[in-house]
Each structure stands twice: as C-alpha cells, then as structure tokens.
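First up is the structure itself, then whatever we jot down about it.
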Amino acid sequence: MAERQTVEPASADIDEVFNGVTVSGPICKRPTQKVNQALCIVMVGLPARGKTYICLKLVRYLRWIGYKTKAVNVGDYRRRTAGIQMPESFFHPNNKEAMSVRRRVALNALGDVWRWFEEENGDVAVFDATNTTRERRSLILEYLTPKNVKVIFVESICEDPLIIERNIKDVKVNSPDYRDLDSDYALNDFKKRIQHYRNVYEPLCVEYDGARHFIQIFDVGERFLVNRIRGHLQSRIAYYLMNLHIKPRTIFLTRHGESMFNETGKIGGNSDLSSHGREYSRKLGVFVESIRDSLPGLKVGRQWLCC
C-alpha cells in the first residue's frame, strides 16, 4: 500500500445519494488525520434498517474530523450490472443465477474499496450492503484482511414494526429500484424482498463472531453491543454511533422573552424581563404543556447566559 501522506484539504460540501437517501454536509473542517492501517466499516442488517443513513452519516462525520472517507454502496453496483427494478424473485436465496451475479457484484465493489486504499490513499471506506450471512461476511474478511485492511462490522437490528414500516415508505419505495412504479406494488414487492433476506439472516453474535470487531445497534439506538473496539478512531466511531439520532424528532429552540435592555436597545447584560417578556414566558409555558401529550418523552432544557 502506498505511503499515507497528510494534506491540508479545502473546505467543501458533499451531496451524496445512495438508495434514494441524500446526506449533505462539509467534507472537512479540520486538518487531515493520518491512519496507520486502512479501515473498512462493513454495514450489516436487513433492508429498511437505516444502514445507508448510518453509512452516509459516518462518512460525513469522518470526513469532517479529517479522515479521507468514501462510501461504497453495493446496491448501486448491482443496478449497474443487473439493471434497475429487479423483482423480488431476484433476491430469493434459491435463485442461483442471481446469487452468482450478486456475489460478483460484491467482489467488484470490494475491488473498488481496495483501489480506494491503494491508489487514492483513502483512510476509511464504508461498505454499504446487507451482508446478512456469515458466508458473505467471511468473503469480505478473506478479501480485505490479507491486504492489511482492518474490518469493523456495524449491524443495525430493528424489530419495531412502526419504524420498519416508516423506513420502507420513506426510503425504499422512493429508491431507484421502484422509481415510477405503483406504490402498492413497490411496497408489497419490497416486503417480499425483506422476507427473502430474513430467511437466511445470520446476525452477528459473540459466540460465533467473538474474535471480530463489531458494533450492534438495536432498535435505532435503544441498546448497543460493542465488541473488540480498540484505539482512537474505532472508539470515536463507536461514540458517534451511540449519539447518532436515527429516528425523526422535533426540536424547538427559543430565546428569552423581551428584556428591559431590549426595550432600550442595549446589547448584553443580565436585566430583568419586560412586561412583554414575562407574557411571552407565560405563553411559552402554556404552549409546551399543550404539546406534551403529543410528544412522548419530551425534554425541556434551558441555558443560563449571564454576563
């Protein structure tokens, strides 16, 4: 592998689209970091479990803290090879011809991961696919480990039917696989595809995978299992995932009500509220109470700014 060089990147924006999911943000705001060993983060999980969302958030975060990072979405390779809008039968585990195509596509994607490290001097790659069987995960390890690439598996496990249903409708039905197709057909077809994956799904487990490096995310962050995660970069990845909000949420931000200094045009200070400010505070409390029942788990925080 070519020697890794530290360079000073320009600040720029990314706008990446995979499987119908777009995540935009800064590439890097800090000096580029240097890794001693290339790292491949391998996503694991059934469809509609938020893997691509997690993948792109990781890419955005790692670029921002200075690591040269790339996402490789195997679904994009499959669409270029086999075509778009493949029926659910293409994903049936007994479809040997399709299984051969999907294996070849995965190897092509892995080849690009290696070229990212070897030719483009990348630091981190995120391999975005289902990778639901031990056979497929072993294939990835057998390909990358001899090339001195560290592999971490990140598995998203979710059995909450409401979250799964929302993910299917919000993301997968709008993906290139179902573009311009009837929404009911797309929904039914995709649910059948998920069942095909479920029939052969082998989640990561400590008993079988105890020697491997992996992070499991249960029900979009309700619980985590971290196994053999070591070192600065791996620890930062684990910490970021533990604080990543995958579920939609509502955030209200408000300033204080009008102050006595606001009335006179003064900036700063710590004056009392004016009569308008006190009225605003009262109405704000009424508003929060009115939405409390519709937002379970609502948390209200405040910050004191004193001069």
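Structure notes:
- Rounded tilt (10° steps) of 134-144 against the dominant C-alpha axis of the chain: 90 degrees
- Expressed as a whole percent, the proportion of Cα-Cα pairs in the stretch 40-157 lying more than 19 Å apart is 46%.
- Folded to 0 to 90 degrees: helix 183-199 orientation relative to the chain principal axis, Cα: 60 degrees
- Label of the coordinate-derived value, mean projected area of the Cα convex hull in nm², listed as (1) 18.2; (2) 19.3; (3) 20.8: (3)
- When the residues Ile251, Ile157, Ile267, Ile140 are ordered by accessible surface, computed with a 1.4 Å probe over the protein chains alone, the sequence from largest down reads Ile267, Ile251, Ile157, Ile140.
- For the chain, built as a Gaussian network whose Cα springs stay under 10 Å, the top-fluctuating residue of Met260, Met43, Met99: Met260
- Once the 1.4 Å probe is applied to the protein heavy atoms, the chain comes out at 56 Å² accessible per residue.
- Residue among Ser138, Ser290, Ser183 with the largest mean-square fluctuation in a Gaussian network model of the chain, springs linking Cα atoms under 10 Å: Ser290
- Taking a straight Cα-Cα cut-off under 21 Å and skipping sequence neighbours fewer than 8 places away in the same chain, the lysines within cross-link reach of Lys247 are Lys51, Lys57, Lys169, Lys172, Lys191, Lys299.
- Solvent-accessible area of Lys266 with every protein chain in place, 1.4 Å probe, in Å² to the nearest 10: 120 Å²
- Overall form of the stretch 162-274 per C-alpha gyration tensor (a/c, 1.5; a/b vs b/c): oblate
- Comparing Arg278, Arg198, Arg223 in a Gaussian network model of the chain, where Cα atoms under 10 Å apart are tied by springs, the biggest mean-square fluctuation is seen for Arg278.
- Cα convex hull of the stretch 230-307 - mean projected area over all directions, nm²: 8.4 nm²
- Projected area, mean over directions - the stretch 142-220, Cα convex hull, nm²: 7.1 nm²
- Axis of helix 161-170 versus longest Cα principal axis of the chain: the two differ by about 80°, to the nearest ten degrees.
- Tail beyond 15 Å, pair distance distribution of the stretch 74-142 (Cα, percent): 57 percent
- Among the GluC sites (Glu not before Pro) in the stretch 144-246, those placed in a DSSP loop whose Cβ has at most 11 other Cβ atoms within 10 Å are Glu159, Glu222.
- Partner aspartates and glutamates for Lys34 [C-alpha distance under 17 Å; skip if fewer than 8 residues away on the same chain]: Glu3, Glu8, Glu118, Glu119, Glu120, Asp123
- Of all accessible heavy-atom area on the stretch 151-250, the percent that carbon and sulfur account for (1.4 Å): 49 percent
The values are calculated or read from the model by the stated rules, or taken from the named source; none is laboratory data. The structure displayed is predicted, hence computed values, not measured ones. Note that we place each Cβ from the backbone using ideal geometry, even for glycine, and neighbour counts take in every protein chain shown. When the accessible area is computed, the model is the full protein with side chains, heavy atoms only, and any ligands, DNA or RNA have been set aside. Shrake-Rupley method; radii C 1.70, N 1.55, O 1.52, S 1.80 Å.
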